[in-house]
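Working notes, beginning with the structure itself.
The values are calculated or read from the model by the stated rules, or taken from the named source; none is laboratory data. In this text, all values refer to a predicted model and were calculated from it rather than measured experimentally. Every residue, glycine as well, gets a Cβ built from its backbone with ideal geometry; the counts of neighbours run over all protein chains shown. Note: areas computed on protein heavy atoms with side chains; ligands, DNA, RNA excluded. Shrake-Rupley method; radii C 1.70, N 1.55, O 1.52, S 1.80 Å.
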Amino acid sequence: MHGMLLSGFSLFTSLLYLAMLVIAVVALVFAVIAREDAYRAAEKQTKPFWLIVLGITVVVNLFVPMLFLQLAGLVASIVFMVDVRPAIRQVSGGGRGGRRGGGSSSDGPYGPYNGGR
């Protein structure tokens with residue numbers, strides 16, 4: 001019984017570490033893909049800053065088994081995903097309701113806006 005409990009806890013922590021690594025890698029990929037000027041336009045930190053922070057997070061998750069550093073990296077990854085990435089997408093035209101179909105900048109959510117004519 002004691003062995004099964006330890007085995008289950010070991011599996012749980014392994015999955016938790018894997019999830020933290022996946023979040024960090026996904027955030028790093030999104031940081032790499034985004035344009036550098038979008039960071040400035042969104043008034044967030046610079047692209048090199050986020051690449052360094054998220055890169056260190058991935059390295060820590062892969063090679064440094066220190067939970068405190070991994071949790072700090074998880075916080076940085078979450079901040080990037082829920083704050084920085086949406087702001088970057090907003091300024092670069094990739095946000096929700098963006099111009100996917102190549103429409104005009106005056107297009108609204110239900111079609112072109114004609115100014116009440």
Exercise. Please work out the FRET efficiency for the pair SER7 and LEU69, using the Cβ-Cβ distance as r and a Förster radius of 25 Å; give the result to the nearest 0.05.
Key: 0.45
Self-check item: From phi via Karplus (6.51, -1.76, 1.60), per-residue ³J(HN,Hα) for the range 69-86 in Hz, x at Gly/Pro
Solution: 5, 5, 5, 4, x, 4, 4, 4, 5, 5, 4, 4, 5, 9, 10, 6, 4, x
Self-check item: Residues of the range 61-93 with amide N under 20 Å of the 7 Å Cα→Cβ point at ILE33
Solution: 76-93
Quiz item: In a Debye calculation with equal point scatterers on the alpha-carbon sites of the range 1-77 and no solvent, what is log10 I(q)/I(0) at q = 0.11, 0.18 Å⁻¹?
Solution: -0.36, -0.72
Quiz item: Counting only the heavy atoms of the protein chains, how much of ILE88 is accessible to a 1.4 Å probe, in Å² to the nearest 10?
Solution: 10
